[in-house]
Amino acid sequence: MSPVFDSRQFAEDTAQLAPQHGWRTHALNAVDGFPRPWFHLPAAEAQPLRLYISAGIHGDEPASSYAARELLRHTDQFVGIEVFLFPLLNPAGMARGSRENAHDIDLNRDYLNPVSAEVSGHLAVLRELPPCHAYLHLHEDWEAQGAYLYALRRDDIPNATDTLLAAMAEHLPIEQATLIDDFEAEGGVIARPYPLPPRDDWPEPYYFEDQHGAYHGYTLETPSSLELPQRIAAHLSAAHALANFLREHRAVFLR
Ligand SMILES: [Zn+2]
């Protein structure tokens, strides 16, 4: 058993930490008595790169939220990048250690016609945000033996897959299975076709692809059977590596 995740304490801690490091604190709608802060890191540039990061949508994937909290401390990694960070989308699920929310809804299947208060409130905020140059969704997998990722990008967008894998590989083995959740995988990568095949139970990336067409995103998965500090470090390193990748390819992303 993993220790219980204190969602209220997490909200307090992050809201206290964020302004010390230059983040602006915002709030999604509270759900089942749990506050849901999110954070915006403005950039000084008139035309900044933009990065979106979400975590804690599945309540049994704590490394994702802990990593998001650590990201608040490391604003030096985001120079030149405007960041939108949602560290704990499912606090009720996290508090009880379940993938679903308190009403047994898998939030990451609820983005088409949302029935959950969590996703409805998230979408109300997302509709007001500008499109980002990259999207990162932090997850964990209790069946995996190593870290892996889903990559969704058009061929004319620089490919950060190897960069992200290398960053995670500093802390965790890479998953070697060739079939993960019914998707073909190779060397820890599930390359998703573009555009995505239609489905009715939209996970979060489907919303962004639908909204912005040129969606460029990665879903990172760490193996929850391995040690928590390494899983957190893998997410953290990958997020920082993606920020660096955006800067390296700044001219292409901002063209
Ligand atoms: Zn997940």
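No value in this document is a laboratory result; all are computed from the given coordinates. Just so it is clear, the model here is predicted, and its values are computed rather than measured. Every residue, glycine among them, receives a Cβ derived from its backbone with ideal geometry; neighbour counts consider all protein chains shown.
Tally Lys/Arg at +1 and Asp/Glu at -1 over every other residue whose Cβ is under 15 Å from the Cβ of Gln20; what's the total? Could you put the intermediate results ahead of the total?
Details: positive: Arg24, Arg69, Arg73; negative: Glu12, Asp13, Glu70, Asp76.
My count for the surroundings of Gln20 gives -1.
When DSSP beta bridges are restricted to pairs lying wholly in the chain, around 45% turn out antiparallel.
Under 12 Å from the Cβ of Ala243, count the other residues' Cβ atoms, weight Lys and Arg +1, Asp and Glu -1, and hand me the total.
Numbers: positive: Arg50, Arg247, Arg250; negative: Asp76, Glu82, Glu248.
Surrounding charge for Ala243 is 0.
May I ask for log10 I(q)/I(0) of the chain at q = 0.16 Å⁻¹, from a Debye sum over the Cα atoms as equal point scatterers with solvent left out? Per q value, in the given order, log10 I(q)/I(0) is -1.25. Comparing mean-square fluctuations of Asp210, Asp141, Asp60 from a GNM of the chain with C-alpha springs under 10 Å, the top value falls on Asp210.
The residues neighbouring Met94, those whose beta-carbon lies less than 13 Å from its own, together hold a net charge of -2 under the Lys/Arg +1, Asp/Glu -1 convention.
Show me 213-220, 121-128 ranked by packing, highest mean number of other Cβ atoms within 10 Å first. Before the final figure, lay out the partial values.
Details: 213-220: 20.2, 121-128: 15.1.
Order by mean packing, descending: 213-220, 121-128.
Computed packing ranks the peptides 86-99, 33-46 as 86-99, 33-46, most packed first, by mean other Cβ atoms within 10 Å. For region 128-255, the square roots a ≥ b ≥ c of the C-alpha gyration tensor eigenvalues yield an a/c of 1.5 or more together with a/b not exceeding b/c, which makes the shape oblate.
Going highest first, how would you order 233-239, 184-190 by mean Cβ packing within 10 Å?
Highest-to-lowest ranking by the protection proxy: 233-239, 184-190.
For region 7-253, the relative contact order comes to 23 percent (Cα pairs under 8 Å, sequence separation of at least 6). When the Gaussian network model of the chain links Cα atoms closer than 10 Å, the mean-square fluctuations of Asp106, Asp201, Asp155 top out at Asp155.
Each label was represented as a point 7 Å from its Cα along the Cα-to-Cβ direction; for Gln47 and His26 these points are 2.3 nm apart.
FRET efficiency for Ala124 and Thr178, Cβ-Cβ distance as r, R0 = 41 Å, nearest 0.05? Calculated transfer efficiency: 0.55.
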